[in-house]
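> One structure, pasted below without further comment.
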Amino acid sequence: MIKRRAMGIVEIKQEMLSFCKANTDEYENVKIDNFSTSWNNGLAFLALIHHFYPDSFSWDKVDERRRRENFQLAFDLAEQKADIAPLLDVEDMVRMKKPDWKCVFTYVQSFYRKLRDHENNKHSYAQQ
């Protein structure tokens with residue numbers, strides 16, 4: 001029997017960031033360093049969706065200045081393709097230049113839980 005050590009909040013946050021970075025590193029205008037400003041234009045969410053479901057939309061048509069459309073597309077596709085409930089509100093995200101990290105973190109955990117075993121996952125996650 002393998003004994004697994006429970007991860008603390010700092011380790012969990014780092015695991016989520018590592019997962020996101022590993023699966024978005026091919027997108028040059030996406031840089032994920034935190035759970036707030038790195039997510040403020042919708043591109044990080046779209047990059048995650050596109051990485052796992054590349055046929056779901058054309059990445060070349062994404063414009064970082066079209067924040068509302070980016071969030072709407074990302075949240076809709078996350079729900080349609082990965083059955084990830086839209087825990088964030090598009091209008092709230094558009095209003096904030098610095099989103100609440102706890103809200104973004106909670107939503108990103110949903111991506112992690114749903115996609116960590118996906119065949120396109122490039123991150124070797126920590127065993128919990």
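The values are calculated or read from the model by the stated rules, or taken from the named source; none is laboratory data. Just so it is clear, the structure is predicted and the values come from calculations on it, not from any experiment. So basically every Cβ, Gly included, is an ideal-geometry build from the backbone, and we count neighbours across all protein chains shown. Surface areas here come from the heavy atoms of the whole protein model, side chains and all, with no ligands, DNA or RNA. Shrake-Rupley method; radii C 1.70, N 1.55, O 1.52, S 1.80 Å.
> If one computes P(r) from the Cα atoms of the chain, what percent of pairs lie at distances over 27 Å?
Tail of the P(r) past 27 Å holds 13 percent of the pairs.
> If you fit an axis through the alpha-carbon atoms of helix 67-82 and take the longest principal axis of the Cα set of the chain, what angle between them do you get, 0 to 90°, nearest 10?
Long axis of 67-82 versus the principal axis of the chain: about 50 degrees.
> A further question follows. 222 nm [θ] for the chain, helices only, -39500 (n - 2.57) per DSSP H run of 4+, per residue, to 500?
That calculation yields -15000 deg cm²/dmol at 222 nm.
> Still on this structure: Taking the Cα centre of the chain as origin and charging only Cβ (+1 Lys, Arg; -1 Asp, Glu), how large is the dipole, in debye to the nearest 20?
Taking the Cα centre of the chain as origin, the dipole is about 540 debye.
> Right, something else. Relative contact order of the chain, please, whole-number percent, based on alpha carbon pairs below 8 angstrom and at least 6 residues apart.
The value is 32 percent.
> Enumerate the lysines that Lys98 could reach by cross-link, defined here as Cα to Cα under 16 Å, with residues fewer than 8 away along the same chain left out.
By straight Cα distance, Lys98 reaches Lys31.
> Return the carbon/sulfur percentage of the accessible area of segment 63-119, one whole number, probe 1.4 Å, all protein chains in place.
44 percent
> Please name which of Pro54, Ile84, Asn34 has its Cα lying farthest along the dipole of segment 16-95 towards the positive end, using unit charges on Cβ (Lys, Arg +1; Asp, Glu -1) and the Cα centre as origin.
So the residue we want is Asn34.
> Roughly how tilted is helix 101-115, in degrees to the nearest 10 and between 0 and 90, from the longest Cα axis of the chain?
So the inclination is approximately 70 degrees.
> For the chain, what does the accessible surface come to per residue with a 1.4 Å probe? Please give it in Å².
60 Å²
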